[in-house]
Amino acid sequence: MHASPTSILEKYWGHKSFRGNQQAIIDAILQNQDVLALLPTGGGKSICFQVPAMLKEGVTLVVSPLLALMKDQVNALKEKGITAAAIHSGMKYTEVIDTLKQTAAGKFKLLYVSPERLESKLFQDYADLLNISLIAVDEAHCISQWGYDFRPPYRKLDILKELFPKVPVLAMTASAIPVVQEDIIKQLAFKNATIITDTFLRPKLKYSIQKVPVKLHAFRNILNELNGAAIIYCNTRSNVTQLAELLKAYG
């Protein structure tokens, strides 16, 4: 009997059903479609490629810009009994080769890499040996020059379709206006892209925008009415320090 996405979800993550459009994204991937998934922060993007990784033969290649995120996800997968590894800038050359050899030997279901790593001759020399069955590009808005967090190495990710022309690609982001979506699809060389968008509405959140003469007085009033913790964002570290000292002085 073949495993299903839901059975994999329950076995490794302990959930009986998917949230939002996770199931639709996974189904499209399992049909070998290129997918652009727009999911809100906290919407469970990693599930969308980790579950198919367990259903597909071979290795899922995950492109991520953040070293800390790579390490966290690899550690979390290992705790679930899922084999995963990451190749990052902090590794010795011999460690990178060893990881690539183990990946080629089928030791890992998921391999995390930075976009810069894909450009290296060493990775490209091993590409044909890795048996990649799915590619996931996290923080895909970094691809677009129209995005707020543009990262130049992401602009070269069309190499994925050159190295792995028959492998489906899942691009994920929590923030992409239409022009950024078009740019992602173009730069990743999607031929027939499936775009799946989850709702970004958060019915349990309240929003209030106030124009006030003195921000500090407004902060005091808001904080005095709150029960529990609050987070205040400032645009510089020095502003954070000054505001923290003032709030301490006010008790």
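The values are calculated or read from the model by the stated rules, or taken from the named source; none is laboratory data. These numbers come from a predicted model, not from an experiment. All Cβ positions, even for glycine, are placed from backbone atoms using ideal geometry, and neighbour counts span all protein chains on display. When the accessible area is computed, the model is the full protein with side chains, heavy atoms only, and any ligands, DNA or RNA have been set aside. Shrake-Rupley method; radii C 1.70, N 1.55, O 1.52, S 1.80 Å.
Of all residues in the stretch 60-85, exactly one satisfies the criterion of being closer than 26 Å to D158 by Cα, open to solvent by 20 Å² or more (accessible area, probe 1.4 Å) and of a type in the set (G, A, S), namely A68.
Pick out the one residue from R237, R202, R220 that is under 30 Å from D27 (Cβ atoms), of a type outside the set (G, A, S) and open to solvent by 40 Å² or more (accessible area, probe 1.4 Å). Every option except R202 fails the conditions. For the stretch 4-13, the set of residues classified as of a type outside the set (K, R) and open to solvent by 60 Å² or more (accessible area, probe 1.4 Å) consists of E10 only.
Scan the stretch 114-123 for residues that are in contact with a Phe, Trp or Tyr (Cβ under 7 Å, 6 or more places away or on another chain) and open to solvent by less than 20 Å² (accessible area, probe 1.4 Å) and the total you get is 1.
Under the condition of being out of contact with any helix residue (DSSP H, G or I) (no Cβ under 8 Å at 6 or more places or on another chain) and either among the aliphatic types (A, V, I, L, M) or surrounded by fewer than 15 Cβ atoms within 10 Å (Cβ to Cβ) (or both), the residues counted in the stretch 168-190 number 5.
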